[in-house]
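Asker: So that we are looking at the same thing, I have put the structure below in structure tokens.
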Amino acid sequence: MAEHPAYPVGLRLTGRRVVVLGGGQVAQRRLPALIAAGADVLLVSPEATPSVEAMADAGEITWARRRYADGDLADAWYALIATSDPEANAAASAEAERHRVWCVRSDDADAATAWTPATGHSEGVTIAVLTTHAKGRDPRHTAAVRDAVVEGLRDGTLVAPHHRTRTPGVALVGGGPGDPDLITVRGRRLLAEADVVIADRLGPRDLLAELPPHVEVIDAAKIPYGRYMAQEAINNALIEHAKQGKSVVRLKGGDPYVFGRGMEELQALAEAGIPCTVVPGVSSSVSVPGAAGIPVTHRGVAHEFTVVSGHVAPDDERSLVDWPALARLTGTLVILMGVDKIGKIAETLVAHGKSPDTPVALVQEGTTAAQRRVDATLATVAEAVRTHEVRPPAVIVVGEVVTVGPREPE
């Protein structure tokens, strides 16, 4: 048997009896997939791990709390032998052979009639990697091959085009704070499958260089606005390309719904009858402070954090922020898009009760190679912005958490 390669096959186990002998770590790893496949699982073991016991308690498997006995495999279609008793394993394997039941042996792969491949999943596809021959089997190598294929499919570095007709539409993808590694795997995969990408300047620009040559990349800042407002023109561009039957990705910095106007785009697409998928992104409000060594919450220091937009000053009639209320909070205040208004914001917070000595950190170009951090207080932050020439994009953190972590060298 060892001279011939294994024959790969997918078993459809829905409603079919599968017998698992042994309730230890091997069973704990294998049972979830068998349950997901709809198998009628009988576990035979005097003991089981807490996780396996929980599966039995939930009714996902049937547990016979005893040792293996001859006849246990008579009605099985498939068996997994994973006990710590070599004699019981050998006897069960012999029974499986008599009843022509495909049998996996965790203790002796050479004596088994079936092997469990290293498996992974990506968008409705199961990737199974199997060593060809018994001689020289290396489970770690097969697992590494599996991981590389699955990761490549998920992050878009391994592109497997869909040959069936795709439904045109738009994906609003949050690109994260700037580091291309911080986009979600789903976002990266959708980018790899896109025909058109309409990108913000704050999106992870390095990802655009990885796109195939046929992908049309449109800078949202350069869309001709004409008689339209900027956002309306972007909405129209999304609709126009989607109606041409193209797969469109709207690549946005951070998260589409955190000061990203994603809902406006979703509403415009819905009114036009264009299907839309929203892919959340890592928000700069949390990730950028974290990258600069600042936790937005910390035990004994801050039990809350509040994120506000600073794109309009506190005394501007368009402002929807209750600045006096924020001044009374004891937690962390994170301000986005507020670099040019930070002087007025600091004055307002102090006027309504915040201490002028409250620590402030400004993190510019967070998570990128150009990241830098400038520390100040509410009393000095306006001058610090001028002296250090802090420019957008920058995240501003106000609160005692600024002093918790190690400071970056200036």
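Asker: Anything in segment 248-258 that is part of a loop (DSSP other than H, G, I, E, B) and in contact with a Leu (Cβ under 6 Å, 6 or more places away or on another chain)? List them, or say none.
Answerer: If we filter segment 248-258 for residues that are part of a loop (DSSP other than H, G, I, E, B), which is where we start, we get 253, 255-258.
Once the filter is applied, which keeps residues that are part of a loop (DSSP other than H, G, I, E, B) and in contact with a Leu (Cβ under 6 Å, 6 or more places away or on another chain), segment 248-258 yields G253, P256.
Asker: A further question follows. Got a sec? Which of V282, V308, V334 is buried (at least 20 other Cβ atoms within 10 Å of the Cβ) and in contact with a Gly (Cβ under 6 Å, 6 or more places away or on another chain)? Before you say what the answer is, go through the steps one by one.
Answerer: On the way: V308 fails: in contact with a Gly (Cβ under 6 Å, 6 or more places away or on another chain); V334 fails: in contact with a Gly (Cβ under 6 Å, 6 or more places away or on another chain).
So the residue among V282, V308, V334 that is buried (at least 20 other Cβ atoms within 10 Å of the Cβ) and in contact with a Gly (Cβ under 6 Å, 6 or more places away or on another chain) is V282.
Asker: Here are the criteria: (1) under 20 Å from F305 (Cα atoms); (2) of a type in the set (D, E); (3) buried (at least 16 other Cβ atoms within 10 Å of the Cβ). Tell me which single one D357 does not satisfy.
Answerer: So the condition that D357 fails would be (3).
Asker: How do the strands (runs of 3 or more DSSP E) wholly within segment 51-131 filter down when requiring 3 or more residues that are in contact with a helix residue (DSSP H, G or I) (Cβ under 9 Å, 6 or more places away or on another chain): which remain?
Answerer: Details: elements: 62-64, 78-81, 102-105, 118-122, 125-129.
In segment 51-131, the matching strands (runs of 3 or more DSSP E) lie at 78-81, 102-105, 118-122, 125-129.
Asker: Taking T367 as meeting all but one of (1) of a type outside the set (A, V, I, L, M, F, W, C); (2) without any contact (Cβ under 8 Å) to a residue 40 or more places away in the chain; (3) not in a helix (DSSP H, G or I), write down the number of the exception.
Answerer: (2)
Asker: A follow-up question, please. Say whether the condition of being within 24 Å of G175 (Cα to Cα), in contact (Cβ under 8 Å) with a residue 40 or more places away in the chain and either assigned to a loop (DSSP other than H, G, I, E, B) or assigned by TED's automatic domain parsing to the domain that holds D179 (or both) is met by at least one residue in segment 320-334. Quick ask: steps written out before the conclusion?
Answerer: Going through segment 320-334, the residues within 24 Å of G175 (Cα to Cα) turn out to be 333-334.
If we keep only those that are in contact (Cβ under 8 Å) with a residue 40 or more places away in the chain too, we end up with 333-334.
Adding the requirement that they be either assigned to a loop (DSSP other than H, G, I, E, B) or assigned by TED's automatic domain parsing to the domain that holds D179 (or both) leaves none.
No, because not a single residue in segment 320-334 is within 24 Å of G175 (Cα to Cα), in contact (Cβ under 8 Å) with a residue 40 or more places away in the chain and either assigned to a loop (DSSP other than H, G, I, E, B) or assigned by TED's automatic domain parsing to the domain that holds D179 (or both).
Asker: Among (1) out of contact with any Phe, Trp or Tyr (no Cβ under 9 Å at 6 or more places or on another chain); (2) of a type outside the set (V, I, T); (3) over 12 Å from G399 (Cβ atoms); (4) free of Cβ contacts under 8 Å to residues at least 24 places away in the same chain, there is one condition G353 misses while meeting the rest; what is its number?
Answerer: With respect to (1) out of contact with any Phe, Trp or Tyr (no Cβ under 9 Å at 6 or more places or on another chain); (2) of a type outside the set (V, I, T); (3) over 12 Å from G399 (Cβ atoms); (4) free of Cβ contacts under 8 Å to residues at least 24 places away in the same chain, G353 is out only on (4).
Asker: Quick one: which residue in R98, R105 is closer than 29 Å to V150 by Cα and among the basic types (K, R)? If you could, list the steps in order and put the result at the bottom.
Answerer: Numbers: R98 fails: closer than 29 Å to V150 by Cα.
Selected residue: R105, the only one of R98, R105 that is closer than 29 Å to V150 by Cα and among the basic types (K, R).
Asker: Return the pairs, sorted by first residue and then second, in which the second residue is small (G, A, S) and part of a strand (DSSP E or B), the first residue lies in segment 196-218 and is touching a residue at least 60 places away in the same chain (Cβ under 8 Å), the beta carbons are less than 9 Å apart, and the residues are 6+ apart or on different chains.
Answerer: So the pair list comes out as L202/G254.
Asker: Take the residues in segment 337-349 that are part of a helix (DSSP H, G or I) and within 34 Å of the chain's Cα centre (by Cα); name whichever of them is surrounded by the fewest Cβ atoms within 10 Å (Cβ to Cβ).
Answerer: Residues of segment 337-349 that are part of a helix (DSSP H, G or I), as a first pass: 339-349.
This time we only want the ones that are within 34 Å of the chain's Cα centre (by Cα), so: 339-342.
Numbers: V339: 20, D340: 14, K341: 22, I342: 24.
Filtering first and then ranking leaves D340.
The values are calculated or read from the model by the stated rules, or taken from the named source; none is laboratory data. Nothing here was measured: the structure is a model prediction, and the numbers come from that model. Ideal geometry is used to build each Cβ from the backbone, glycine not excepted, and the neighbour counts take in all protein chains shown.
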